[in-house]
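Structure record follows, encoded as structure tokens.
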Amino acid sequence: MSGLSARLAGLGLRLRIGLIFAGLGAVLLAGLVLGLVVGARHGGATAAGFVQAGVVAGIAILAGLAGAWMLFDEHVARALDRLSGALRARAHAGAGGGFEARWLGDLAPAAAALAARAAAPPPVPPAADDSTRRLERILAGLPIGVVVAGGDDQVAFYNAQAARLIDGLALGQDLSALIDPGPVRAALARTGPGAVTALTTRSAAGRLIAAELRRKEAGYVIALRDVSEVTARREARAARLSALVEDLGRPAAALSALAELLEDPLAPPPDAATRAALAFEARRLTAALGDLADAAEAERRLAARVPGLAAPGGALLAALAAALDRVGLPVAIRPLAGAAGVDLAADPDALAGRIAALGQRLAEGGRIPAWVALAPEAEAGSEHATERGVQPGTDAPGAAGALLRLGWRGAALPLATLEGWLGPEGWTEPWVENGVENGAESGAESGGAGGGWALCLPLAPARAAAQGPEARPLAYDFTLMRRELPAELADRALDAMACVVLDCETTGLDPARDALVEIAALRVTAGRIVPGERFETLVDPGRPIPAAAQAVHGISDAAVAGAPGPAAAAAAFVDFARGAAIVAHNAPFDLELVGRARGQPLEVPVLDTVLLSAAVFGRAEVHTLDALAARLAVPVPEGRRHRAMGDVEVTAEVFLRLIPMLRARGIETFGQAVTAMRRHPRLLRDLNRTDPADSRRR
Amino acid sequence: MAEPHRHHAAPPLVLIVEDEDNIAAALSYLMTREGLRHERVADGQAALDRIRALRPEVVLLDVMLPGLSGFEICQQLRMDPAYDAVRLLMMTARGAGAERRKGLALGADGFIAKPFQLAELRDEIRRLLPPGGGHPLGGAG
């Protein structure tokens, strides 16, 4: 009996209910037959016989129905009642009753899973707690690039600066393919675990990189600094200095010779040509000296721009007003006149503290600080510096700084007194401004002819942070460090796989004939989307895009003009996706298009969200991307569905939400997912054969 | 050479404040050639005294001076409205942008960067002199 019960429990709910009612029908028929047989045997053709038969049949039918009701009541109605009671208890009282309804198929485990999820604290991803986020921010903001690689050179960590420095850097990528591996190999060979060594290498794009490599037990950490610009700048500076020396040397030599002639008592008096030569060389010398002086000024300004210091003008002024307020000297902040957003090479609090100390000194002498102001200014001489080839960029000296002014009422401040206050350190070159309007203060109280006084401090602009075309946050997957390659792909857990989610927009729905117009992809690793690791390109299909296709994705012929062709775009995508499994919704469509564009099929591990959905929800469900997104509560980006990146984002979220549901069904590894996907081969064939209006994900 | 009380008919007076003798000699030569009266002092405090005594139309004022600096002279003069008419032409080092801004804030009327061409200096003095006045450079402003 228990064996039969176990066998029945293994059947689906619908089949079991069907069996119950089939049994009921059989019982009814059997009862009727029994009644007729008994009636015929005892009553013959008399009415009493049929009455007897009817009574017997009725009793049998009632007995059968009672049996069916008892079964239904025990295994369905009471089970549902118990289940709803348990859910209510869990929902309203937090009671932890069990969910038992073994005849109701997956309903009890599903209810138990839902209740457990509702009762559990919100899931916290491993990398999302406060301290981790703080650490991520610190590491992302490091002014040097940092890459951690495994023993096989696979990138397991990088920060934003490293991504700017090394084109194509991505988790799981082979670092040795992205920078010149020779110096790294040599450094690894000459150092033991834990030791640090310096090296220089070059990125694939030719940037000169100074690096420090620390070897770990498995793999290494490498800190990278782009020195190509610094080196180029030093070389340019040396060349400029040599040119200036030469420019000074020539007229100096000529003047020296001419002066000796003039001093020589035996020499004839200078004729017109000699006098003209003297004047010419003197002018040349003057011009060369002017150039030298301008270069020195540019260097001075550059030296004032301390790397790493960047305070917006508004923040600086607010810090100064607060610092003066703290020492009992409240001041008015004058309108910023466009300087609020200027980044200055200043530590706001330190500078505010020093200026507040000057304010106190002013007040001690009866000069009460009344206002502060900040105005942008263009530094003089920048045009000369630019003319001589100083490159604009991080260290270009021509950028504008700002002038900070601290105004007071009362007596003038003699320059000698100010210089005495500043002491030998001479931090900036402050000066005193005469005849300043004194705001609301009475002119009678002010000391200058034109009003009050102001202490003026020129502030250098901040050095712009090096920005790549796209700032990328921190990315890491330290499981990459632990992986033994070549790993047995079939055994790899789905949430530990390095995946690239792909979607293509096309000229039509026939992958064998139509062409790409857009490719987008993003990387998913360790069960989360890697921010910043995205691939997106329009593709010039080399043919007109039909109006029907344009109506779907909105990509016009004009939009793809100048975009790479299918072969180049597909090759770039393959570079991006190297080493990763491809995830796509109706993957054969996208893989066929990309493979055809590059001239050879993509032979990569593939996970298809259509088939994974079928494994979770059953083949009879609808598996379009929209239906899946709605079912899994994945937000669909407004206006971006049917653009490749919009679809990629939805597909990636769907994939990530399917993983735990697959796991609940015992599908945890890539191999198990492949087995589950293979159960639905017809699904993709049917999907790709359906009407374009509702085909695949569209 | 110079008179404390100017006559309208007399050429304008330029006070040369320069401690380098050779530069001062060249400047004196230029003033003579341009028909301007001129006097030279080589010390900061002496310069301030002579400006107060002579009230020249233009002071050619070097920044680096023994005693008071050119900036201090400028500051002290501009604190006294009695000397508003005295035009201060400061001679700054080429490439020292901060010196120009400092002088401007203190009330200087013009700048000329050393080393300079005499022609540049003549143009700058011409700009600062009051228009007309019977002097050889007058009328240009």
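The values are calculated or read from the model by the stated rules, or taken from the named source; none is laboratory data. This one's a predicted model, so the numbers in the text were calculated from it and none came from an experiment. Neighbour counts run over all protein chains shown; Cβ positions are idealised from the backbone, glycine included.
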- Query: When you go through (1) polar (S, T, N, Q); (2) buried (at least 18 other Cβ atoms within 10 Å of the Cβ); (3) more than 14 Å from chain A (Cβ to nearest Cβ) one by one for residue B:32, which number turns out not to apply?
  - Reply: (2)
- Name the single residue, out of those in region B:80-100 being closer than 30 Å to residue A:284 by Cβ and at the interface with another protein chain (Cβ under 7 Å from one of its Cβ atoms), that is surrounded by the fewest Cβ atoms within 10 Å (Cβ to Cβ). B:93
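Yes/no per residue for (1) among the acidic types (Asp, Glu); (2) assigned to a strand (DSSP E or B); (3) closer than 30 Å to residue A:166 by Cβ:
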| residue | (1), (2), (3) |
| --- | --- |
| A:206 | no, no, yes |
| A:210 | no, yes, yes |
| A:233 | no, no, yes |
| A:244 | no, no, no |
| A:247 | yes, no, no |
- Item | Residue check for residue A:182: farther than 27 Å from residue A:522 by Cα, of a type in the set (Gly, Ala, Ser) and either buried (at least 20 other Cβ atoms within 10 Å of the Cβ) or over 20 Å from the mean Cα position of the chain (by Cα) (or both) | yes
- Query: Is it the case that some residue within region B:57-74 is over 20 Å from residue B:128 (Cα atoms), within 14 Å of another protein chain (Cβ to nearest Cβ) and outside any loop (DSSP other than H, G, I, E, B)?
  - Reply: yes
- Query: Restricting the first residue to region A:630-659 and requiring it to be touching a residue at least 60 places away in the same chain (Cβ under 8 Å) and farther than 30 Å from residue A:556 by Cβ, which pairs with a second residue that is among the charged types (D, E, K, R) and assigned to a helix (DSSP H, G or I) meet a Cβ separation below 7 Å and a spacing of at least six or different chains?
  - Reply: A:659/A:495
- Task: Given the conditions (1) of a type in the set (Gly, Ala, Ser); (2) closer than 16 Å to residue A:648 by Cα; (3) in a loop (DSSP other than H, G, I, E, B), report the number of the one that residue A:521 does not fulfil.
- Result: (3)
- Item | Subset of region B:70-92 [polar (S, T, N, Q) and under 23 Å from residue B:31 (Cβ atoms)] | B:92
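Looking at A:551, A:567, which is the one that is at pLDDT 90 or above and in the same structural domain as residue A:521 (by TED's automatic domain parsing)?
A:567
Is there a residue in region A:513-523 that is more than 28 Å from residue A:167 (Cβ to Cβ) and at pLDDT 80 or above?
So the first thing to find is which residues in region A:513-523 are more than 28 Å from residue A:167 (Cβ to Cβ), and the list is A:513-514.
Still in the list and also at pLDDT 80 or above: A:513-514.
Yes, region A:513-523 has at least one match.
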- Note on the structure: Note on residue B:77: of the conditions (1) farther than 19 Å from residue A:293 by Cα; (2) surrounded by fewer than 18 Cβ atoms within 10 Å (Cβ to Cβ); (3) within 14 Å of chain A (Cβ to nearest Cβ), unmet is (2)
- Test residue A:258 against the stated conditions and say whether it is outside any strand (DSSP E or B) and within 13 Å of residue A:147 (Cα to Cα). no
- Task: Scan region A:231-289 for residues that are within 13 Å of chain B (Cβ to nearest Cβ) and among the basic types (Lys, Arg) and report the count.
- Result: 2
- For residues that are in contact with a Cys (Cβ under 7 Å, 6 or more places away or on another chain) and of a type outside the set (Val, Ile, Thr), scanning just region A:557-592, find the one that is surrounded by the most Cβ atoms within 10 Å (Cβ to Cβ). A:590
- Taking residue A:317 as the residue in question, decide whether it is crowded, with 17+ Cβ neighbours inside 10 Å, part of a helix (DSSP H, G or I) and not assigned by TED's automatic domain parsing to the domain that holds residue A:207. yes
- Count of residues meeting criterion [under 29 Å from the mean Cα position of the chain (by Cα) and within 21 Å of residue A:510 (Cβ to Cβ)] in region A:596-610: 6
- Number of the exception - residue B:13 against (1) within 14 Å of chain A (Cβ to nearest Cβ); (2) surrounded by 19 or more Cβ atoms within 10 Å (Cβ to Cβ); (3) not polar (S, T, N, Q): (1)
- Counting only residues in region A:158-174 that are outside any loop (DSSP other than H, G, I, E, B) and within 14 Å of the chain's Cα centre (by Cα), the one modelled with the highest pLDDT is identified as A:162
